[in-house]
Amino acid sequence: MNKLYTVAPMNAAILQYPGIENRDLTSLELNFATSFGMQVDEELANAWEKVTDGCLLFEASYGLSETHTCDTIMPIDKVKHGSCGIATYDTEIRIVDMETGADLPPGEQGEIVVKNPGVFKGYLNRPEDTAETLRDGWVFTGDIGMLDEDGYLYFNGRLKEMIKSSGFSVFPEDVEALLSEHEAISQVAVIGIPDEVRGESVKAFIVLKQEYKGKISEDEIIAWSKETMAAYKYPREVEFLDSLPATSSGKVLRRLLKEN
């Protein structure tokens, strides 16, 4: 079985490659992926399956360097697009209230906490950070998510990257997922920018699909967003880029966008 590991923008870029429908990708049977910059959603998975004549594309896992980096895995026979799969062997995952620390029921959003035999022992020479993150063997990840009734984990964003707009909590991933539904958008990254009235507003950095470059404006994207999103979510600013700053693995570096 030929397998491939990608980040979602790689699959999207391949799908947009001129003449890709004439290329023979049928040797691919399984494609593990990570949602960096865009989601591994059902639409992307279906398009990939079509062009490869049957290759299964899905989110590979969820994990951190403070754990063993693979705390969940997606069951191949029970894929749930939008989720990160279920807990791996000997791993426990809870969702807790960010203020009280109380466990939350399935379907409710809170902080993801993880426990398994592979969790780290602490940060070198950083006892305060260790005490904040590692509590009674549980790693408090700083990630926001939820579990469903079947134990599938859904990652909704980083607590440190959360945007506070007009008193509402806005996760960049939520806005990015909505913007990705626009037919002209290839990749998108969202950050918070200072706003005297709202506290923070949303700004979107967008890479357009090749065929839309020069044919759509930033204001048109904002107008579309205003019609399709809640008032506190839609971007007040949009900037087009040729590419998004990213690590070698494809993870978008929002901090570099904030520094510009």
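When restricted to residues that are modelled with pLDDT under 90, more than 24 Å from D242 (Cα to Cα) and part of a strand (DSSP E or B), the stretch 1-36 contains 0. Considering only residues of the stretch 71-90 that are part of a loop (DSSP other than H, G, I, E, B) and small (G, A, S), which is farthest from A60 (Cα to Cα)? Among residues in the stretch 71-90 that are part of a loop (DSSP other than H, G, I, E, B) and small (G, A, S), the one farthest from A60 (Cα to Cα) is G82. Quick one: would you say D41 is touching a Gly at 6+ places or on another chain (Cβ under 7 Å) and assigned by TED's automatic domain parsing to the domain that holds N11? Answer is yes for this residue.
R126 passes every criterion in (1) surrounded by 15 or more Cβ atoms within 10 Å (Cβ to Cβ); (2) not assigned by TED's automatic domain parsing to the domain that holds T6 apart from (1).
May I ask you to verify whether V207 is within 19 Å of D41 (Cα to Cα) and not assigned by TED's automatic domain parsing to the domain that holds S35?
So V207 fits the description; yes.
When I144 is tested against the conditions (1) modelled with pLDDT under 95; (2) in a loop (DSSP other than H, G, I, E, B); (3) touching a Leu at 6+ places or on another chain (Cβ under 7 Å); (4) of a type outside the set (G, A, S), the lone failure is (2).
Okay, residues lined up against (1) under 16 Å from D143 (Cβ atoms); (2) in contact with a strand residue (DSSP E or B) (Cβ under 6 Å, 6 or more places away or on another chain):
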position: T6; (1), (2): no, yes
position: I14; (1), (2): no, no
position: T26; (1), (2): no, no
position: E29; (1), (2): no, yes
position: T69; (1), (2): yes, no
position: G82; (1), (2): yes, no
position: G85; (1), (2): yes, yes
position: R94; (1), (2): yes, yes
position: G110; (1), (2): yes, yes
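When Q39 is tested against the conditions (1) modelled with pLDDT of 95 or more; (2) polar (S, T, N, Q); (3) assigned to a loop (DSSP other than H, G, I, E, B), the lone failure is (1).
Highlighted here are the strands (runs of 3 or more DSSP E) found entirely within the stretch 151-260 that include at least 1 residues which are among the polar types (S, T, N, Q), crowded, with 18+ Cβ neighbours inside 10 Å and in contact with a Lys or Arg (Cβ under 9 Å, 6 or more places away or on another chain): 163-165, 185-195, 199-208.
If you go through the stretch 143-152 one residue at a time, do you hit one that is hydroxyl-bearing (S, T, Y) and touching an Asp or Glu at 6+ places or on another chain (Cβ under 8 Å)? No, the stretch 143-152 contains no residue that is hydroxyl-bearing (S, T, Y) and touching an Asp or Glu at 6+ places or on another chain (Cβ under 8 Å).
The values are calculated or read from the model by the stated rules, or taken from the named source; none is laboratory data. All figures in this text were calculated on a predicted structure; none of them were measured in a lab. Quick reminder, even Gly has a Cβ in these numbers, built from the backbone with ideal geometry, and neighbours come from all protein chains shown.
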